[in-house]
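All remarks here apply to the structure that follows.
The values are calculated or read from the model by the stated rules, or taken from the named source; none is laboratory data. All of these numbers come straight from a predicted model, not from anything done at the bench. For neighbour counting, all protein chains shown are included, and Cβ atoms are generated from backbone atoms with ideal geometry for every residue, glycine included. These area figures cover heavy atoms from the full protein model, side chains too; ligands, DNA and RNA do not enter into them. Shrake-Rupley method; radii C 1.70, N 1.55, O 1.52, S 1.80 Å.
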Amino acid sequence: MENKEMKNASDSRTIMTQLIFPSDTNHHDTMFGGKLMEYMDKAAAIAAMRHARMRVVTASTDSLDFLAPIRVGEVIEIEAFVTWTSRSSMEIYVSVTSENLYTGSRTVTVTAFFTFVGLDEHGKPVQVPGVQPESELERTLHLSAPGRHQLRKKRKQDRIAD
């Protein structure tokens, strides 16, 4: 494998903050999962573009785990960063923390892994920079990423075979 440019995971870190209004919620006054997924996909796309400095496209979303409800009136903080890269693909870890602004209580509500592919000006996959983890979380996610990558490849093969 040829040497490729390396970038720090922190270079891609993206944080989005949103106040949750009634129009963002369902009849239980909790946030629509699809709306949250939209925000997460946007944050992951920004992180991927910051890392690769090129056009990117979402290739997959997996391990999207809803851990706690997000209620109307709370604020959510969506954090995304690149954890690992293959030749043209990037794994982005996204976590969402909700905050009650009156009490200050914060709860991790959702985590997920998104995969993005870097594209050239013709829309073809192109090599992306490697990623250098710095924090303990970044190192842990980086070390476990090849296993997730293999599972994604197998899932894609199984789906095609059906």
remark   = With a Förster distance of 30 angstrom and the Cβ-Cβ distance between Phe21 and Lys124, calculated FRET efficiency to the nearest 0.05 equals 0.15
Zone residues, the range 32-71, relative to Glu5, backbone N less than 15 Å from point 7 Å out along Cα-to-Cβ = 48-56
ask   = About its Cα centre, how strong a charge dipole does the chain have in debye, to the nearest 20, once Lys and Arg get +1 and Asp and Glu get -1 at the Cβ?
value = 540 debye
remark   = A correct Karplus calculation of ³J(HN,Hα) over the range 48-59, with 6.51 cos²θ - 1.76 cosθ + 1.60, θ = phi - 60°, whole Hz and x for Gly and Pro, returns 5, 5, 4, 6, 8, 6, 7, 5, 9, 9, 5, 9
query = For the range 21-162, what's the radius of gyration and Dmax over Cα atoms, in angstrom?
reply = 16.4, 52
task = Can you send over the carbon and sulfur percentage of the accessible area for the range 18-162, probe radius 1.4 Å, protein chains only?
result = 55 percent
key: Accessible area in square angstrom per residue, the chain, 1.4 angstrom probe   = 56 Å²
request  = Note the angle between two axes, namely the Cα long axis of helix 136-161 and the longest principal axis of the Cα atoms of the chain, as a number of degrees from 0 to 90, rounded to the nearest 10.
outcome  = 80 degrees
query = For Glu134 and Asn100 in one chain, what is 0.36 nm times their gap in residues minus the Cα-Cα distance, to one decimal in nm?
reply = 9.2 nm
request  = List the pair-distance distribution P(r) of the range 97-162, using every Cα-Cα distance, as the percent of pairs falling in each 10 Å bin from 0 up to the bin containing the longest distance, rounded to whole percents.
outcome  = 14, 29, 32, 18, 6, 0
key: Radius, Kirkwood style, for the range 43-118 when every pair of distinct Cα atoms is counted (Å)   = 13.1 Å
Amide hydrogen neighbours beyond the local backbone of Ser86, cut-off 5 Å, H modeled = Glu91
remark   = Between Ala59 and residues 5 or more places away or on another chain, the pairs with built amide H atoms under 5 Å apart involve Thr115, Phe116, Val117
request  = Return the long-range amide H neighbours of Gly73 (sequence gap of 5 or more, or a different chain), with a cut-off of under 5 Å between placed amide H atoms.
outcome  = Ile20, Phe21
message = Just to check I understand the Karplus step: with θ = phi - 60° and J = 6.51 cos²θ - 1.76 cosθ + 1.60, what whole-Hz values come out for the range 12-23, glycine and proline as x?
response = 9, 3, 10, 10, 10, 10, 9, 8, 8, 9, x, 5
task = Rank Ser98, Ser144, Ser89 by mean-square fluctuation in a GNM of the chain with C-alpha springs under 10 angstrom and give only the top-ranked residue.
result = Ser144
ask   = Taking the chain as a Gaussian network, where each spring joins two C-alpha atoms under 10 Å apart, which residue of Ile20, Ile70, Ile46 fluctuates the most?
value = Ile20
